[in-house]
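Chemist: Got a structure for you, questions after.
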Amino acid sequence: MQKIVARQGDTVTLALTLPAVLVPPSPVLPIPEGTAGFRIEGFPACVPDDIESMVISVGYAVPPALPQAGTGSVQLKVPAQDRAKYARTGHGAIEVVVDGGPLELTLTVDAPASHPSGASDTQGNKYPGTATLACPRTRPVTAG
């Protein structure tokens, strides 16, 4: 099945799995770089490392236990359903990112969320979530 190839400037929307939530909720972030070696509608196409190497700092909370926001670092992982070989390049087949479903997300706590009573999260704690790709196109380029 053919899927739309992601490119620089497409966006990812982040969401954590409850009980943790992002503060503010569901940030939308552009993919800052595409390094696949070819362009789609003027923008460089993305390889998995373009997304997996993104540095994303976010606010988070764990209501009602820890309502005061803390901060964390998000790491994205491009699963198999979001990868495809694209062969129409001058460099032979290259693995690109396609819009095939949610990306995997892990938030690692940097500055713990807390409660006014003094309770707090643990630095290094991890929370799972997902990121959704948005790849709007006039003339889609597909792979898969």
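Chemist: Is it the case that Leu107 is in contact with a helix residue (DSSP H, G or I) (Cβ under 9 Å, 6 or more places away or on another chain) and touching a residue at least 40 places away in the same chain (Cβ under 8 Å)?
Modeler: So Leu107 fails the test.
Chemist: Tell me, yes or no, whether region 5-22 has at least one residue that is modelled with pLDDT of 95 or more, open to solvent by 30 Å² or more (accessible area, probe 1.4 Å), in contact with a Gly (Cβ under 7 Å, 6 or more places away or on another chain) and among the polar types (S, T, N, Q).
Modeler: Yes: one or more hits.
Chemist: What strands (runs of 3 or more DSSP E), lying completely within region 24-108, carry at least 1 residues that are hydroxyl-bearing (Ser, Thr, Tyr)?
Modeler: 56-62, 66-77, 83-86
Chemist: Only residues that are hydrophobic (A, V, I, L, M, F, W, C) and modelled with pLDDT of 95 or more: list them for region 55-68, please.
Modeler: Ile56, Val58, Ala61, Val62, Ala65, Leu66
Chemist: Continuing with the same structure: Taking Phe43 and the conditions (1) among the hydrophobic types (A, V, I, L, M, F, W, C); (2) farther than 30 Å from Pro64 by Cβ; (3) touching a Gly at 6+ places or on another chain (Cβ under 6 Å); (4) open to solvent by less than 70 Å² (accessible area, probe 1.4 Å), which numbered condition does it fall short on, given that it satisfies the others?
Modeler: With respect to (1) among the hydrophobic types (A, V, I, L, M, F, W, C); (2) farther than 30 Å from Pro64 by Cβ; (3) touching a Gly at 6+ places or on another chain (Cβ under 6 Å); (4) open to solvent by less than 70 Å² (accessible area, probe 1.4 Å), Phe43 is out only on (4).
Chemist: A further question follows. Return the residues of region 35-61 that are without any contact (Cβ under 8 Å) to a residue 60 or more places away in the chain and either over 19 Å from Asp82 (Cβ atoms) or over 14 Å from the mean Cα position of the chain (by Cα) (or both); say none if nothing qualifies.
Modeler: Listed by number, the residues that qualify are Thr35, Gly37, Phe38, Arg39, Gly42, Phe43, Pro44, Val55, Ser57, Val58, Gly59, Ala61.
The values are calculated or read from the model by the stated rules, or taken from the named source; none is laboratory data. Everything numeric in this text was worked out from a predicted model, so none of it was measured. Please note: Cβ atoms are built from the backbone with ideal geometry, for glycine as well, and neighbour counts cover all protein chains shown. Side chains are part of the model used for accessible areas, which takes the heavy atoms of the whole protein and leaves out ligands, DNA and RNA. Shrake-Rupley method; radii C 1.70, N 1.55, O 1.52, S 1.80 Å.
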